[in-house]
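Worksheet for the structure shown next.
The values are calculated or read from the model by the stated rules, or taken from the named source; none is laboratory data. Remember, it's a predicted structure, so these values are computed and weren't measured experimentally. All Cβ positions, glycine included, derive from the backbone under ideal geometry; neighbour counts span all protein chains shown. Accessible surface areas use protein heavy atoms only, side chains included; no ligands, DNA or RNA. Shrake-Rupley method; radii C 1.70, N 1.55, O 1.52, S 1.80 Å.
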Amino acid sequence: MKPAPFEYHRPDSVDEAAGLLAELGEDARFLAGGQSLVPMLSLRLAFFDHLIDISRLDELKGIERRNGALWVGAGTTDAVVGADAQVHTSAPLLTRVTPLIGHFQIRTRGTLGGSIAHADPAAEYPAAALALDAQMEAVSPGGRRQIPAAEFFTGLWETALDPDEVLVGVRFPVWEGRCGFAVHEFARRHGDFAIAGAVVAVELDNDDRVRRCGIGLLGMGSTPRRPPAAEAAAVGQRVSDMTPEEIGQLAMAELDDIPADLHGSASYRSRVGAAMTTQAWTTATTEAHNA
């Protein structure tokens, strides 16, 4: 199928893009990598009278350290994120999750900001941003603001971005010390969205106690999820005080609205989610222990 007719706009700056969005309102949508939007348009699952192409705006691209955080421009492609040396040392979880996003061709065109703004609950970057307490940087004609990841994802394919805001970048805190990072997910085929999965970041003190941790869950609700009770139970404990299976079970015990669909029942997804959290926790704590 072909998309319904639309008017194409190509602004020369972020400010111009934000102004266009404010002017055109709900009938407009940004086009960045197009790896989510274009298929939806082609299948006529979505209709927009205006597409605003921001894929060539240099302001939205780049990776750099800023005030103790790693800033990644929203227009930076997945392939660049996955191969970047600064990402590997400053936000290793992004390096780990990137190869699981679609296929190479998708990662070459898809962008980090596009994935996060699309807010698919089974996508890797939203879960990683949530687990790492990232900050989303948005621009509108009224100015700039920072949105914590914990407040950003509001529903299925919905975010806290205002109708006239552009996501311009994401700030990831840099974890230092004895840290470990891991992602485990289960999908029918490599490149498919995960049926269930987990990303884990953990920091240990010199006594092998958990100083802090972040767990992000994929495919376990209408948004990426974070299990605060499981994290709270782990913090302050020696790694050997709790089995990884306990962490996995605790993470699932907090969820009372796990979806069921043609890929499996809620109970099946819960069992898979517990297993993925268990494996990710084991991998991350082993890495931190050996750091």
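Leaving out ligands, DNA and RNA, what percent of the accessible area of the stretch 146-205 is carbon and sulfur, probe 1.4 Å?
About 50 percent, which is the carbon plus sulfur part of the accessible surface.
Using 0.36 nm per residue of separation minus the Cα-Cα distance, give me the extension gain between Glu158 and Ala85 in nm, one decimal. Let's see the in-between values first.
Values: separation 73, 0.36 × 73 = 26.28 nm, distance 3.15 nm.
Stretched fully, the Glu158-Ala85 segment lengthens by 23.1 nm.
Would you give the gap between the C-alpha center of the stretch 266-291 and the C-alpha center of the stretch 227-263, rounded to a whole Å?
9 Å
Relative to 2.2 N^0.38 Å, what does the C-alpha radius of gyration of the stretch 185-277 come to as a ratio? Two decimals please.
For the stretch 185-277, the normalised Cα radius of gyration comes out at 1.12.
Once the other residues with Cβ under 12 Å from the Cβ of Leu51 are scored (Lys, Arg +1; Asp, Glu -1), what is the net sum?
Cβ neighbours under 12 Å give a net charge of -2.
Taking 0.36 nm per residue of sequence separation and subtracting the Cα-Cα distance, how much length would be gained by fully extending the chain between Ser267 and Glu64, in nm to one decimal?
Going from the current span to full extension adds 68.9 nm.
Convex hull over the alpha-carbon atoms of the chain: what's its volume per residue in Å³?
With only Cα atoms used, the chain gives 123 Å³ per residue.
Percent of accessible area on the stretch 1-91 owned by carbon and sulfur, 1.4 Å probe?
The nonpolar share, carbon plus sulfur, comes to 50 percent.
Averaged per residue, what accessible area in Å² does the stretch 1-122 show with a 1.4 Å probe, protein chains only?
Ligands and nucleic acids excluded, the result is 50 Å² per residue.
Give the accessible surface of the stretch 166-244 per residue, rounded to a whole number of Å², with probe radius 1.4 Å and ligands, DNA and RNA excluded.
So the stretch 166-244 comes to 38 Å² accessible per residue, rounded to a whole number.
Determine the equivalent ellipsoid of the stretch 58-184 by diagonalising the alpha-carbon gyration tensor, then write out the semi-axes as square roots of 5 times the eigenvalues, largest first, rounded to whole Å.
21, 16, 15
Using a Gaussian network for the chain with springs between C-alpha atoms less than 10 Å apart, which of these wobbles most: Gly102, Gly248, Gly114?
Gly102
Over the chain, what is the mean sequence separation of C-alpha contacts under 8 Å (at least six apart), divided by residue count, expressed as relative contact order in percent?
16 percent
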